[in-house]
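Q: Pasting a structure here, questions to come.
The values are calculated or read from the model by the stated rules, or taken from the named source; none is laboratory data. Computed from a predicted structure; not experimentally measured. Counting neighbours? That spans all protein chains shown, and the Cβs are built from the backbone with ideal geometry, glycine included. These area figures cover heavy atoms from the full protein model, side chains too; ligands, DNA and RNA do not enter into them. Shrake-Rupley method; radii C 1.70, N 1.55, O 1.52, S 1.80 Å.
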Amino acid sequence: QVQLVESGGGLVQAGGSLRLSCAASGRSFSNYPMGWFRQAPGKEREFVAVINLLARYADSVRGRFAISRDNAKNTLYLQMNSLKPEDTAIYYCAAGRLAGYRLSDQPREYDYWGQGTQVTVSS
């Protein structure tokens, strides 16, 4: 059974940092794009970042967030710096449907999702 489990969320003041982790089990995703999405209350789920050999970021986080992965550990990371109150959301990791180098920002192109971890940034 495939599982993605996020951790590392919490409450932080504006300007602070957090590091999210996503541990995958049940299969290897080393050849698949893996991404982070987030959803704030009353809003649709939105793309944050995705990585395979290269990385792609949403404009709102570029320069502040860094996505990385450790294929040996089957784990995805998101380093979040200079956090803003508008970054407050539930953060989800996801594994892409197709192996390869396409770095999609569309949730429909991801088959496996974690349960999410709450990130709250206070002003």
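Q: Could you look through the range 102-117, keep only residues that are over 12 Å from the mean Cα position of the chain (by Cα) and either among the polar types (S, T, N, Q) or under 17 Å from Gly16 (Cα atoms) (or both), and pick out the one that is surrounded by the fewest Cβ atoms within 10 Å (Cβ to Cβ)?
A: If we take residues in the range 102-117 being over 12 Å from the mean Cα position of the chain (by Cα) and either among the polar types (S, T, N, Q) or under 17 Å from Gly16 (Cα atoms) (or both), then Gln106 is surrounded by the fewest Cβ atoms within 10 Å (Cβ to Cβ).
Q: Hey, another quick one. Among the numbered conditions (1) in a strand (DSSP E or B); (2) open to solvent by less than 80 Å² (accessible area, probe 1.4 Å); (3) of a type in the set (D, E, K, R), tell me where Arg56 comes up short.
A: Looking at each condition in turn, Arg56 falls short on (2).
Q: Right, something else. Scan the range 34-56 and tell me whether some residue there is touching a residue at least 60 places away in the same chain (Cβ under 8 Å), of a type outside the set (Val, Ile, Thr), over 28 Å from Ser123 (Cβ atoms) and touching a Gly at 6+ places or on another chain (Cβ under 9 Å).
A: Among the residues of the range 34-56, at least one is touching a residue at least 60 places away in the same chain (Cβ under 8 Å), of a type outside the set (Val, Ile, Thr), over 28 Å from Ser123 (Cβ atoms) and touching a Gly at 6+ places or on another chain (Cβ under 9 Å), which makes the answer yes.
Q: Which one of these does Phe29 not meet: (1) in a loop (DSSP other than H, G, I, E, B); (2) surrounded by 14 or more Cβ atoms within 10 Å (Cβ to Cβ); (3) modelled with pLDDT of 95 or more?
A: Failing condition for Phe29: (3).
Q: Since Arg38 meets every condition but one in (1) under 15 Å from Trp113 (Cβ atoms); (2) of a type in the set (Lys, Arg); (3) surrounded by fewer than 14 Cβ atoms within 10 Å (Cβ to Cβ), which condition does it not meet?
A: If we test Arg38 against (1) under 15 Å from Trp113 (Cβ atoms); (2) of a type in the set (Lys, Arg); (3) surrounded by fewer than 14 Cβ atoms within 10 Å (Cβ to Cβ), just (3) comes out false.
Q: Could you tell me which residue of the range 41-52 is farthest from Arg102 (Cα to Cα), considering only residues that are exposed (fewer than 10 other Cβ atoms within 10 Å of the Cβ) and not small (Gly, Ala, Ser)?
A: Ranking the qualifying residues of the range 41-52, first place goes to Pro41.
Q: Further question on the same structure: Just wondering, is there one or more residues in the range 92-101 that are at pLDDT 95 or above, open to solvent by less than 50 Å² (accessible area, probe 1.4 Å), of a type outside the set (A, V, I, L, M, F, W, C) and touching a strand residue (DSSP E or B) at 6+ places or on another chain (Cβ under 9 Å)?
A: Yes, the range 92-101 contains a residue that is at pLDDT 95 or above, open to solvent by less than 50 Å² (accessible area, probe 1.4 Å), of a type outside the set (A, V, I, L, M, F, W, C) and touching a strand residue (DSSP E or B) at 6+ places or on another chain (Cβ under 9 Å).
Q: Consider Val121 carefully, then state whether it is buried (at least 18 other Cβ atoms within 10 Å of the Cβ), more than 23 Å from Gln1 (Cβ to Cβ) and in contact with a Pro (Cβ under 7 Å, 6 or more places away or on another chain).
A: Yes.
Q: Taking the range 1-26 as the search range and keeping residues that are open to solvent by 80 Å² or more (accessible area, probe 1.4 Å) and not aliphatic (A, V, I, L, M), which one is farthest from Leu103 (Cα to Cα)?
A: So the residue we want is Gln13.
Q: Can you find even one residue in the range 59-73 that is part of a strand (DSSP E or B), among the charged types (D, E, K, R) and under 20 Å from Gln118 (Cβ atoms)?
A: For the range 59-73, residues part of a strand (DSSP E or B), among the charged types (D, E, K, R) and under 20 Å from Gln118 (Cβ atoms): absent.
Q: Restricting attention to the range 14-26, which residues are modelled with pLDDT of 95 or more and part of a loop (DSSP other than H, G, I, E, B)?
A: Selection gives Ala14, Gly15, Gly16, Ser17.
Q: Tell me yes or no: at least one residue of the range 68-89 is farther than 18 Å from Ser7 by Cα, open to solvent by less than 20 Å² (accessible area, probe 1.4 Å) and in contact (Cβ under 8 Å) with a residue 60 or more places away in the chain.
A: No, because not a single residue in the range 68-89 is farther than 18 Å from Ser7 by Cα, open to solvent by less than 20 Å² (accessible area, probe 1.4 Å) and in contact (Cβ under 8 Å) with a residue 60 or more places away in the chain.
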